[in-house]
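Have a look at the structure below, then the notes.
Just so you know, all these numbers are worked out from the coordinates, no wet-lab data involved. Since the structure is predicted, the reported quantities are computational estimates derived from the model, not experimental observations. Ideal geometry is used to build each Cβ from the backbone, glycine not excepted, and the neighbour counts take in all protein chains shown.
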Amino acid sequence: MARDPRYDILFEPVRIGPVTAKNRFYQVPHCNGMGHRLPRSTAAMRGIKAEGGWGVVCTEECEIHPSGDVWPAAEARLWDDRDIPALALMTEAVHEHGALAGVELVHNGVSAANRYSREVPLGPSHERTMNYDPVQARAMDKQDIRDYRRWHKAAALRAKKAGFDIVYVYAGHEMSIAMQFLQRRRNPRGDEYGGSLENRARLLRELIEETKEAVGETCAVAVRLAVDELLGPDGITSEGEGREIIELLAELPDLWDVNVSDWPNDSLTSRFGPEGDQERYTAFVKKLTTKPVVGVGRFTSPDTMVSQIRRGVLDLIGAARPSIADPFLPRKIEQGRPEDIRECIGCNICVSGDRTFSPMRCTQNPTMGEEWRKGWHPEIVPPKGSDDAVLIVGAGPAGLEAARALGRRGYPVSLAEAGAELGGRVLREARLPGLAEWIRVRDYRLGQLDQMSNVEIHRASRLTPEHVFEFAAPRVIVATGSHWRRDGIGLTLKAPVPGFEGNDIYTPDDIMAGAAPRGPVLVYDDDHFYLGGVLAEKLRRDGVEVTLVTPALAASYWTEKTLEIGFIHKRLLELEVAILPNHSVAAFRGDRAELACVFTGRKRELACASVVTVTARLPEEALYRDLIADPDRLAAAGIRSVTAIGDALAPGSIAAAVYAGHRAARELDAPPLGDAVPFARELPL
Ligand code: ADP
Ligand code: SF4
């Protein structure tokens, strides 16, 4: 199909100093939990994005020196020449598809505890390092500043050797010395690097000048700058010092990559902000410089992208998450099929990879992180390995993705769903406050299935074992999902809570099906991800009094990994939801609950008329169990395999369910792995 001429502007080349990006699609730096530890995996992942049409593909942050080491986070590294080959793998993979490769050089300063290198951390002043490590950074003296500039320059030269086309000076978040010097609250220095903004920006200016001097003839020098920290007058703001810094340095770099800080604000989830949310902070930049400007905003709509350029907000469309969810986003626009874009849902499961020091995964893109170790391509699946028909039971994320990928492989697929609508848990959860974008998990897959003549969808079809035997498809995939427990058993409690067997006890399934508990409500969250907090928010908005009780140290504790925990607390507290951490529920007595402190066991009472218990789920596995219990009947019906996947096997995240569906589709008719490790490994020896 031809590209829509409205989108032609997105495919114009953009000159960036001495290099030219072939189009306006710019994958900004983003962490991935692989970094220097898994260089082949990282290179393959970046290469796929270049193949998918991104004109520029950048690394994650790249440490320049052992005194700025963020172990165990797995970032890129250019500590010395021995790090060059790993990054050369990445630049080669990116260049193979005609894209430019960018590297984000970073010294983490006060945000590095140097757990691996054991060097004393550095910063503009004596200060506690971030992230609760009981470690202090020491104030850099003039010699330290000279050393740091020399390290930065050496890293830039190594980056050039590794083949990079764009070299960054980074002040995009707090985790950068250059930014820490800019921050008035962090920089009380009395010398020429502190005091006035001009002084605080001196280091940034020197870094830009010296990087240009070192590599500027062949490499573009980009600056990533947070123009607003969203701290009001306590921080850098787009009306104040953010603007002044751009004014001071306007023509110095070859490219401005501008964003808001800190990282939770920058990678805002869809629960807390829409596409294009940063425009109000970054739009001024283009007016102050003739250099190209890139910015982010979880852009997935080509119309929004065009509008950003036509209205003079940005020159290049920056994307981290949209490029993770769909590495082929630019190609799809180019090929006139924007409806095939797998849109990011803004859930930050990808971010949790960095926060848990593990290879990034993506809710929408199950191939993320598997490009090298499993050879999975986001757009290509192997052709079918037999003519077997496949019956998939359940059209949640797992069943839908299995149907999509098997359909693409060419199998005849029947997808049966008990409900009138498809989507399973995302259908229910996307109706909760803030989670509307999550329906994209279903919508993308439905859009793809609609294009396939070999996939039949049966709605309102709750299948019994009898139906499955009768249908007699040789391959059966059971993706029947899960339900929430009602007994209070979860991470903390291993026996049912007395009183939870009675009335006025609700599960998330009940609430999502429309139940309205009497207030005051106790939401007991021993699940620790988003749902307990979301249900507390919903019930409060519905007008009842809510107390969220959790055995964890904070509400929605695991959402620290998705950068949401602060926003969640702010929202719940502003809605006047009471939050009681460090307590479990010992009993419910109709008009009150007995709570127990997890540290002391001390009991207290809380008046409440009902309880919503969010603890753990059980697989909906009866169909699967009944089927596999009768191997003779399966054989007689010609059913060769029955496989349970997703929540029906073990309840997990939506990302895990999509992954399970994808994996089941890829592995159908593939040679059995036996006891082999199911992926290639990057072994240090
Ligand atoms: P997952 O996350 O693993 O995809 P979900 O709970 O989101 O699981 O989806 C499971 C889907 O399976 C739900 O839409 C549910 O209605 C459907 N389902 C459950 N049991 C049956 C059944 N026996 N026949 C058809 N559909 C079923
Ligand atoms: Fe988007 Fe979620 Fe995928 Fe991250 S994990 S890219 S936020 S869909």
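Here's how it looks for ARG189: its modeled amide H is under 5 Å from those of GLY195, which are all 5 or more places away or on a different chain. For the range 553-605, what is the charge dipole size about the Cα centre, in debye to the nearest 20, if Lys and Arg each add +1 at the Cβ and Asp and Glu each add -1 at the Cβ? In total the dipole reaches around 180 debye. At full extension, ALA2 and ALA515 could sit 179.8 nm farther apart than now, given 0.36 nm per residue minus the alpha carbon distance. If the viscosity is 1.002 mPa s and the temperature 20 °C, what Stokes-Einstein diffusion coefficient in µm²/s follows for the range 1-114 when Rh is the Kirkwood radius over Cα pairs? After rounding, the answer is 143 µm²/s. Among PHE299, PHE599, PHE25, PHE357, sorting on how many other beta-carbon atoms sit within 10 Å of each Cβ, with the fewest leading, yields PHE599, PHE357, PHE299, PHE25. Estimated from the Cβ-Cβ distance and a Förster radius of 41 angstrom, the FRET efficiency linking PHE599 and TYR116 is about 0.80. When you filter the trypsin sites (Lys or Arg not before Pro) in the range 355-411 for DSSP loop state and at most 16 other Cβ atoms inside 10 Å of their Cβ, you are left with LYS374. Net charge in the neighbourhood of ALA139 (other residues with Cβ under 9 Å of its Cβ; Lys, Arg +1, Asp, Glu -1) is -1.
Would you please state the base-10 log of I(q)/I(0) at q = 0.05, 0.06, 0.07 1/Å for the chain, with intensities from the Debye formula using one equal scatterer on every alpha carbon? Computed log10 I(q)/I(0) values: -0.26, -0.37, -0.51. Extending 7 Å from Cα along the Cβ direction at ASN503 and again at ARG462 yields two label points whose distance is 2.6 nm. The HN-Hα couplings worked out from phi for the range 180-187 by the Karplus form 6.51 cos²θ - 1.76 cosθ + 1.60 (θ = phi - 60°) are 4, 5, 5, 6, 4, 5, 9, 10 Hz, whole numbers, x standing for Gly and Pro.
Rounded to the nearest Hz, the phi-derived 3J(HN,Hα) couplings of the range 148-161 under the Karplus curve 6.51 cos²θ - 1.76 cosθ + 1.60 (θ = phi - 60°) are 4, 4, 5, 4, 5, 5, 4, 5, 4, 5, 5, 4, 4, 4, where x marks glycine and proline. Put simply, when 422-431, 60-69, 495-504 are sorted by average Cβ atoms within 10 angstrom per residue, most first, you get 60-69, 422-431, 495-504. Working ranking of peptides 325-334, 153-162, 116-125 by packing, defined as the average number of other Cβ atoms within 10 Å per residue, highest first, is 325-334, 153-162, 116-125.
Its Cα gyration tensor gives the range 485-617 an equivalent ellipsoid, and the semi-axes of that ellipsoid, as √(5λ) in whole Å with the largest first, are 20, 17, 14. Of LYS287/LYS570; LYS153/LYS291; LYS153/LYS287; LYS384/LYS561, which ones are farther than 26 Å apart at the Cα? Where the Cα-Cα span goes over 26 Å, the pairs concerned are LYS287/LYS570; LYS153/LYS287; LYS384/LYS561. Taking every DSSP beta bridge that has both residues in the range 5-355, what percent is antiparallel when rounded to the nearest 5? The antiparallel fraction comes to roughly 10 percent.
Annotation: peptides 203-212, 4-13, 165-174, ranked by per-residue average of other Cβ atoms within 10 Å with the highest first, follow the order 165-174, 203-212, 4-13. Rounded to the nearest Hz, the phi-derived 3J(HN,Hα) couplings of the range 394-403 under the Karplus curve 6.51 cos²θ - 1.76 cosθ + 1.60 (θ = phi - 60°) are x, 10, x, x, 5, x, 5, 5, 4, 5, where x marks glycine and proline.
I need to check one value: relative contact order of the range 551-635, counting alpha carbon pairs closer than 8 Å and at least 6 residues apart, in percent.
18
Counting only DSSP beta bridges with both residues in the range 485-617, the antiparallel share comes to about 40 percent.
Sorting GLU96, GLU545 by the number of Cβ atoms found within 10 Å of their own Cβ, with the fewest placed first, yields GLU96, GLU545.
By how many nm would the segment from ASP141 to GLU239 lengthen if fully extended, with 0.36 nm per residue of separation less the alpha-carbon distance?
Difference between extended and current length: 32.1 nm.
Relative contact order of the chain: 11 percent, from C-alpha pairs under 8 Å at least 6 residues apart in sequence.
For ALA586, the residues whose modelled amide H falls within less than 5 Å of its own, excluding neighbours fewer than 5 places apart on the same chain, are GLU594, LEU595, ALA596.
Between ALA420 and LEU491, the distance separating the two model label sites (each 7 Å from Cα on the Cα→Cβ line) works out to 3.8 nm. By other beta-carbon atoms within 10 Å, ranking ILE84, ILE324 with the fewest at the front produces ILE84, ILE324. Using Cβ point charges alone (K and R +1, D and E -1), the dipole size of the chain about the Cα centre works out to roughly 300 debye.
Within the shell of other residues whose beta carbon sits under 11 angstrom from the beta carbon of PRO233, the net charge comes to -2, with Lys and Arg scored +1 and Asp and Glu -1.
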